[in-house]
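Notes to accompany the following structure.
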Amino acid sequence: MPPTVAIYDASIDLIGERLKALELDIQIVPFDKNGIFYLENKAVRAEEMEVDYLWLSPQINEINKTGAIFDVVLSCKSLGVLQTFNAGLDHPFYAKLAEKGVRILNSSAQGVAIAEYVIGQVLAVLQPIEMQRRLQIERDWRVTPFREISQTHWLIMGFGPIGSAVAKRAKAFGAEISTIRRSNQLSENVDRVGTLTDATAFAVDADIIVLACPLNEATRGVAGERFFQAAKPGSILINVARAGLIDDRAMIAALDDGRLETAILDVFHREPLPMTDPLWVHPKVRITSHTSFAGDGVYNRWDELFLNNIQRFAQGNPLLQEVDPNDII
């Protein structure tokens, strides 16, 4: 019997023809927004479903029922492999699946978009674009000096698909790159590498600090009082990972005393960020609404990753983006 591959029905509508063209020996099992599976056109509850491979596609996130679908997946009678649209796996859902022995594949599709977001936000801080626009309106002919990325030293914490994509782009500008990762293995586009214990020491000469690492017990609060006290005066902090990496009080203190010049935040402890949160009005904080992933190429890369992996799965080959269960909280 061919392996069962469960896919959200709205995603099948979008990817069905490309999937069919692969001519794989698999049995597609649609499931709807209410968590009902359809095995050979017969409605089946999750508790009765034995699924070999399930794709948590990005369309599930769009219907605002992700939590409910998580519960459905956990209720499945059995599940072999889960491929998710998420890059970070700090939600308890993933830990529960890992404890059951489910193989989990995360996403690299967001890497390019988030890296471009980081570069764009940094350029917006380093270059006086708003001033230049004002001078144009005022017809004021004036030289406007700016900082070059080529003269900056970057500290990128986390070197998965996002961190490596950021490093590639910053290095193209001529920046010096230091990274914090699980091993001290030097990689392309990196000048210096260390592990988590080196984070504070590396912050000393970093002009740009990018948080792109997973949130787990080791990294929670890593950007705290000691880290910010060591940070280079005038440095720029960008968080595109998880809010739990930062001690907000320590960050605000560092902004207020000039240790940090700017904090660019795309993730928060509560989302949407409450309207009363002081971060909205802090003069040195730039807020975006968890939107760094929203590049126009992301959806196609999500689809391509699934199509690549399901082909590998059907042919018995190693899967892309498989996560070590020990790295999941």
**Q.** Cα long-axis angle, helix 161-172 against the chain (0 to 90 degrees, to the nearest 10)
**A.** 40 degrees
**Q.** Estimated 222 nm signal from helices in the chain, with DSSP H stretches of n ≥ 4 weighted -39500 (n - 2.57), rounded to 500
**A.** -10000 deg cm²/dmol
(Q) Please arrange Asp303, Asp13 by how many other C-beta atoms lie within 10 Å of their C-beta, fewest to most. (A) Asp13, Asp303
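Among DSSP bridges having both ends in the range 169-322, what percentage is antiparallel? Round to the nearest 5. Write down the numbers at each step before the final one.
Details: 0 of 16 bridges.
The antiparallel proportion sits near 0 percent.
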Q | Normalised contact order of the range 163-310, rounded percent, pairs of Cα under 8 Å and 6 or more residues apart | A | 15 percent
Q. Taking the Cα centre of the chain as the origin and placing charges on Cβ (Lys, Arg +1; Asp, Glu -1), which of Gln229, Thr195, Val81 is farthest toward the positive end of the dipole?
A. Gln229
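Residues with beta-carbon under 9 Å from that of Leu196, excluding Leu196: net charge, scoring Lys, Arg +1 and Asp, Glu -1? Numbers along the way, then the final one.
Numbers: positive: Arg181, Arg182; negative: Asp198.
Taking every Cβ under 9 Å from that of Leu196, the sum is +1.
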Q. For the Cα atoms of the chain, what angle does the longest principal axis make with the long axis of helix 9-21, in degrees from 0 to 90, nearest 10?
A. 80 degrees
Q: Pairs of Cα atoms under 8 Å, at least six residues apart: use those to get the relative contact order of the range 40-197, whole percent.
A: 15 percent
Q: Using label points projected 7 Å from each Cα along Cα→Cβ, tell me how many nm separate Asp71 and Lys20, to one decimal.
A: 3.5 nm
Q) Using 0.36 nm per residue, how much length does the chain from Tyr299 to Glu99 gain when fully extended, once their Cα-Cα distance is taken away? A) 69.1 nm
(Q) Strictly over 24 Å apart at the Cα level, which of Lys171/Lys284; Lys33/Lys77; Lys20/Lys65; Lys65/Lys96; Lys20/Lys42; Lys168/Lys284 would you flag in this model? (A) Lys171/Lys284; Lys20/Lys65; Lys168/Lys284
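If you place +1 on the Cβ of every Lys and Arg, -1 on the Cβ of every Asp and Glu, and leave all else neutral, what size is the dipole of the range 139-189 about its Cα centre, to the nearest 20 Debye? Present the calculation step by step, with values, prior to reporting the outcome.
On the way: 8 positive and 4 negative charges, 26 e Å.
With only Lys, Arg, Asp and Glu charged at Cβ, the dipole is about 120 debye.
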Q: For the chain, calculate the relative contact order in percent as a whole number, restricting contacts to Cα pairs under 8 Å that are 6 or more residues apart.
A: 16 percent
Q: Note the direction-averaged projected area, equal to a quarter of the hull surface, for the Cα convex hull of the range 1-42, in nm².
A: 3.0 nm²
Q. For the range 111-287, what is the charge dipole size about the Cα centre, in debye to the nearest 20, if Lys and Arg each add +1 at the Cβ and Asp and Glu each add -1 at the Cβ?
A. 220 debye
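Mind giving me the FRET efficiency for Gln315 and Leu135? R0 is 56 Å, r the Cβ-Cβ distance, nearest 0.05 is fine.
Working: r = 60 Å, r/R0 = 1.07.
Here the calculated transfer efficiency is 0.40.
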Q) Going by alpha carbons, how many degrees (0 to 90, nearest 10) lie between the helix axis of 129-138 and the longest principal axis of the chain? A) 60 degrees
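Read the figures in this text as sums done on the coordinates, not as results from a lab. Predicted model only: the values in this text are computed from it and were never measured. So basically every Cβ, Gly included, is an ideal-geometry build from the backbone, and we count neighbours across all protein chains shown.
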